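Okay, structure first, notes after.
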Amino acid sequence: MKKTLLLVFVFIFCNQSVFSQKETTVITIKNSENAPIINRNIYGHFAEHLGRSIYGGFFVGDTSKIPNTNGVRNDVVAALKALKIPNLRWPGGCFADTYHWKDGIGPKEERPTIVNQWWGGVTEDNSFGTHDFLNLCELLGTEPYLAGNMGSGTVQELADWVQYVNFGGKSPMSDLRVKNGRKEPWKVKIWGVGNEAWGCGGNMTADYYSGEYRKYATFMSDWDNTGGLMRVASGANSADYNWTETLMKNIPGNMLGGVALHHYSVIDWNKKGSDVDFTEDLYFKTMTQALKMEELVTKHSAIMDKYDPKKKIALVVDEWGGWYDVEKGTNPGFLYQQNTMRDAVLAGATLNIFNNHADRVRMANLAQCVNVLQAVILTDKTKMLLTPTYHLMQMYNVHQDAKLLPITINSPLYTYNGETLPAISASASKDKNGSVHISLVNVDAKKANKIEIDLTELGIKTVSGTILASSKLQDHNSFENPTKIQPAVFKGFENKKGKLEITIPPFSVLMLEGK
Ligand code: AHR
């Protein structure tokens, strides 16, 4: 009996596999006038005082032999400029609710130290503070996103920080800023009001947080010079829909620029699995968590739609990415992990989800930028490398501020151990110059997939392609071989009178450009 069942299973499985290899996925792309613009802020980043993110990653101090500008590494600045990062969130994360900004201004030698309670218990000397961060953002040409301390800070402290960085006239805080060497206000528009208030931000209930939010937000004045602060409420942990519902119900819309959402692709918080040494089983589980973003964004958006049908309030996914065990031999509190093709596939599929929900998801921040979690840059003393996630995000930056082209796709399935995931993820946009960009991800770890796209409605004549791929899922860029994974020209398609036929290799990401 058992044997017969097994035979039936093998027969079905083999047939499915042969069938899906021959099967072509048809993607339809529409030119819709009503489609939203993909906000460039979806491609945002995050720099927390955590491990070697700030110290050693961004900041080495102006006496370092590593080439720097006012203490900030020139190699990191150049790489992030090339990436066109639209915004950078700072100083946390969990660290934000322990951070007292006045500790980080004025002469460096006079700044007090604190202990970084969340991340390794190391001593923080506050040598990188408000001026250093905001000047770095100016250098990068990126918009700062300051995360305010609600957990252990006061309303007055946060109100003072806003006045310190934004007020152009005479006031106690702007006078202090001028005394510290900065005459013009920085005009910071995006402000987080606490972080993970349900956890490290104070273990609050959604009801309690909403009340606190209203109080803090009231005293965060715009000072008439930013065109309106965008205040972002600390949002839900993954599928905590009650959190979003409570915030939307309790906080008046005019006090709320965005509601955050945090979702990490972690398979088990107690046993996360290796960053590099992983099996297909772990890969499949990671991707299951990553693709869950579609459901999360859809359901949180649906709740927001009830209270804000005109979609004035943004869903801000200000922490997302893969989270694995730290690299062997590194401080467990520093969250340093390598970055493989798995991460590129994860990022490509996630960004496609954000693009396709651009009407509500108007900002997101990959966690994190340098040396922490799914970093785009890793440093080792004088050395720096760009990870597969960096290359992926550079390929995708063509979607920034482009008009979404809605797509329809009936994806084939990626089957592993009797479970399935959609194998193909896609999004498309048209930029200001009329160029169309289609990003395609093959999540399947084993099988190439055939895709057909009808280009006739889009008026495209020529197509070119870039691919990010490698021979093994576990492949990564190391300090010994920093360019192993790099984007390459892709020629695996045929343009048959406006019908594009593509074969996308397993665990790879494609960016097609049509003109
Ligand atoms: O990104 C690392 C940490 O993850 C952040 O500090 C916190 O907000 C989240 O739990």
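Kindly provide the set of residues from the stretch 49-78 that are over 21 Å from Asp97 (Cβ atoms) and among the aliphatic types (A, V, I, L, M), ordered by number. Of everything in the stretch 49-78, those that are over 21 Å from Asp97 (Cβ atoms) and among the aliphatic types (A, V, I, L, M) turn out to be Val60, Ile66, Val72, Val76, Val77, Ala78. Contact map, the stretch 90-113: residues that are touching a residue at least 12 places away in the same chain (Cβ under 8 Å) and within 16 Å of the ligand (Cβ to nearest atom) paired with residues that are of a type in the set (A, V, I, L, M) and open to solvent by 20 Å² or more (accessible area, probe 1.4 Å), Cβ distance under 8 Å, separation 6+ or inter-chain. Pairs shown: Thr98/Ile114. Considering the stretch 290-310, and only residues there that are under 30 Å from Leu510 (Cβ atoms) and charged (D, E, K, R), the residue that is nearest to the ligand (Cβ to nearest atom) turns out to be Lys292.
For the stretch 137-146, the condition holds for at least one residue, the condition being that it is within 16 Å of the ligand (Cβ to nearest atom) and closer than 24 Å to Arg362 by Cα.
The numbered conditions (1) in a strand (DSSP E or B); (2) out of contact with any Ser or Thr (no Cβ under 6 Å at 6 or more places or on another chain); (3) not β-branched (Val, Ile, Thr) are all true for Asn270 except (1).
Which one of the conditions (1) more than 30 Å from Lys381 (Cβ to Cβ); (2) not in a strand (DSSP E or B) does His437 fail to meet, given that it meets all the rest? Condition not satisfied by His437: (2).
Flag not set for Asn410, criterion: surrounded by fewer than 22 Cβ atoms within 10 Å (Cβ to Cβ), closer than 19 Å to Ile467 by Cα and in contact (Cβ under 8 Å) with a residue 60 or more places away in the chain. Among the residues of the stretch 46-89, those that are among the basic types (Lys, Arg) and either away from the ligand (no atom under 16 Å from the Cβ) or open to solvent by less than 10 Å² (accessible area, probe 1.4 Å) (or both) comprise Lys65, Arg73, Lys81, Lys84, Arg89. Scanning the stretch 147-169 turns up no residue that is outside any helix (DSSP H, G or I), of a type in the set (D, E, K, R), more than 16 Å from the ligand (Cβ to nearest atom) and surrounded by 17 or more Cβ atoms within 10 Å (Cβ to Cβ). Among the conditions (1) within 16 Å of the ligand (Cβ to nearest atom); (2) outside any loop (DSSP other than H, G, I, E, B); (3) open to solvent by 60 Å² or more (accessible area, probe 1.4 Å), the only one that Gln117 does not satisfy is (2).
Taking the criterion of being crowded, with 19+ Cβ neighbours inside 10 Å and of a type in the set (Gly, Ala, Ser), the residues of the stretch 207-232 that qualify are Ser210, Ala217.
Of the residues Thr466, Thr456, the single one that is among the hydroxyl-bearing types (Ser, Thr, Tyr), open to solvent by 10 Å² or more (accessible area, probe 1.4 Å) and at pLDDT below 95 is Thr456. Can you name every residue in the stretch 323-346 that is surrounded by 24 or more Cβ atoms within 10 Å (Cβ to Cβ) and either farther than 19 Å from Ser478 by Cα or touching a Lys or Arg at 6+ places or on another chain (Cβ under 7 Å) (or both)? Listed by number, the residues that qualify are Tyr324, Leu346. The sole residue among Asn356, Asn417, Asn433 that is open to solvent by 10 Å² or more (accessible area, probe 1.4 Å), free of Cβ contacts under 8 Å to residues at least 12 places away in the same chain and out of contact with any Asp or Glu (no Cβ under 6 Å at 6 or more places or on another chain) is Asn433. Of all the residues in the stretch 364-407, those that are crowded, with 20+ Cβ neighbours inside 10 Å, β-branched (Val, Ile, Thr) and part of a strand (DSSP E or B) number 3. Of all residues assigned to the stretch 274-292, none qualifies as being under 22 Å from the mean Cα position of the chain (by Cα) and over 26 Å from Met393 (Cα atoms).
Scanning the stretch 34-50 for residues that are without any contact (Cβ under 8 Å) to a residue 24 or more places away in the chain and within 19 Å of Asp401 (Cα to Cα) turns up at least one hit.
The values are calculated or read from the model by the stated rules, or taken from the named source; none is laboratory data. As the structure is a computational prediction, the values presented were derived from the model and not from experiment. We place every Cβ from the backbone using ideal geometry, glycine too, and count neighbours over all the protein chains shown. Just so you know, the surface numbers come from the protein's heavy atoms only, side chains and all, with ligands and any DNA or RNA stripped out. Shrake-Rupley method; radii C 1.70, N 1.55, O 1.52, S 1.80 Å.
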